[in-house]
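One structure below.
The values are calculated or read from the model by the stated rules, or taken from the named source; none is laboratory data. Just so you know, these numbers come straight off a predicted model, no measurement behind them. Note that each Cβ is placed from the backbone with ideal geometry, even for glycine, and that neighbours are counted across all protein chains shown.
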Amino acid sequence: MNNFILSFLSLSNIIFSSGIIIVAFALMLYLTASNFRNSVARSFSALLAFIAIVYVGDVLLQRVETFEIATIWLKFKWIGIAFVPAEYLHFSDAVLRSTNAFSPRRRLATLLGYVASSIFLFLVVLTDLVARDGFFVKYVAAQFGAGPMFPLFAIFFFTLTAWGWYNLRKARRRCLTATTRRRMDYLSAAFIAPALGVFPYLIIASFLRDAQTPPSEIVLLFLLAGTLIAKIGVGVMITVMAYTVAYQGALSPDRIIKHNLVHYLLRGPLVATMVVGLRLSASAVPEWLGLTRETILFATVIVATRRGSPVVRSAERQAAFATSFKRVYPFSGMNNFAPLDVWLGRLWQARFAVGWKYVPRLIASLTFSVVSTVVSLPERLILPWLLCKRPIPD
């Protein structure tokens, strides 16, 4: 039973880490494209980039097979971990400056924060002063042990994060309207969660035991469960923060900004996260249920292609589809095994305008399309070469 729970928590952590990467990258693109000239949006985009780096390393760590390779990706994660506190201070300073509260000392402190982050990153990569040794549980968890200077880094991390939160509360007091103060309350409430999500708590456990000894199974279960809860919180809170930042310096009406952001999140990151989660689950679910992959595949096909009653079909005809997509998607049963380039071309033409009721079928279709693309890729690559070598009769 513990092995099943451990496997489930490990898979869930990978899925939510992938989701955070997708959401963070999508929000970074959205803010960069729509509001790049605003310093608050730029600094928040940089914060999202460092958070994404941490979770990219987290996903890859659960796919490595040796501690030597894991060490490389653990150090890669520290690019984000080391710079998150400095970026927090930078972001809060940008928010405070948007209320006309300028301070050369605060700007200097932000610069010194980046310098200190660079020094800590240098110490992690080239020395054992901040992080060293560590434990490795294949496909489950990997983490460094604490070096003699890790407590100093922890003080630096939480001091700059707390300072950033204080700056936000100060900016909230300087707001003039009730709407702006309410958005600052949202931003302040969500501000701490991403920092708490990227901090390497497992290093602290090395103070209580041998750093190279993996934690017991029960301890590992609690750690993975806590990490999963933290990742869910990070995903929600960076979305709340992005919702608040999207209004900074924007000239469009509030309802237009809200409409564009919500539709962007639903049609892009949400669908992508569901596809990735389904793809990652495809390898584990058959083992948990004691069924073959073919059985799961056929069951999914039956559920995805079931047409339903005439009432459902009538409602489908009224779904919110783009006109160009309607010409193709009613025949999705015939396109289930079409390669990804065909699907992505049709989705792009329709600007990804997919009604809610069609999302499960679209996920199933894309899953089968991924399988079909992988299976047929060698043939598609070799076929042009074979046709070129084929003699042409006179």
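The table that follows gives values for the structure above.
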quantity: Pair list, Cβ under 8 Å, 6 or more apart: segment 246-272 residue at positive phi, other residue surrounded by 14 or more Cβ atoms within 10 Å (Cβ to Cβ); calculated: Gly249/Asn35; Gly249/Asn38; Gly249/Val40; Gly249/Ala41; Gly249/Ser98
quantity: Residues (aromatic (Phe, Trp, Tyr) and over 19 Å from Val84 (Cα atoms)) located in segment 9-42; calculated: Phe16, Tyr30, Phe36
quantity: Only listed residue being over 20 Å from Arg267 (Cβ atoms) and modelled with pLDDT of 90 or more, chosen from Arg63, Arg42, Arg37; calculated: Arg42
quantity: Of residues in segment 56-95 being touching a helix residue (DSSP H, G or I) at 6+ places or on another chain (Cβ under 6 Å) and surrounded by fewer than 21 Cβ atoms within 10 Å (Cβ to Cβ), the one nearest to Ser45 (Cα to Cα); calculated: Ile79
quantity: Wholly within segment 1-105, helices (runs of 4 or more DSSP H) carrying at least 1 residues that are under 25 Å from Ile119 (Cα atoms); calculated: 39-61, 67-97
quantity: Of all residues making up segment 188-215, the number that are more than 19 Å from the chain's Cα centre (by Cα) and either at pLDDT 75 or above or β-branched (Val, Ile, Thr) (or both); calculated: 5
quantity: Of all residues in segment 23-54 being free of Cβ contacts under 8 Å to residues at least 60 places away in the same chain and of a type in the set (Ser, Thr, Tyr), the one that is surrounded by the fewest Cβ atoms within 10 Å (Cβ to Cβ); calculated: Thr32
quantity: 3 or more residues at pLDDT below 70 and exposed (fewer than 11 other Cβ atoms within 10 Å of the Cβ): qualifying helices (runs of 4 or more DSSP H) within segment 302-385; calculated: 310-317
quantity: Filter result (assigned to a helix (DSSP H, G or I) and surrounded by fewer than 18 Cβ atoms within 10 Å (Cβ to Cβ)) within segment 240-258; calculated: Val240, Asp254, Arg255, Ile256, Ile257, Lys258
quantity: Which listed residue is at pLDDT below 80 and either part of a loop (DSSP other than H, G, I, E, B) or surrounded by 14 or more Cβ atoms within 10 Å (Cβ to Cβ) (or both), from Leu280, Leu266, Leu270, Leu261; calculated: Leu280
quantity: Filter result for Ile218 (more than 23 Å from Ala24 (Cβ to Cβ), in a helix (DSSP H, G or I) and at pLDDT 75 or above); calculated: yes
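Each row is one residue, and each column tells you yes or no for (1) among the basic types (Lys, Arg); (2) outside any helix (DSSP H, G or I).
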site	(1), (2)
Pro148	no, yes
Ile155	no, no
Arg169	yes, no
Arg172	yes, no
Thr180	no, no
Arg183	yes, no
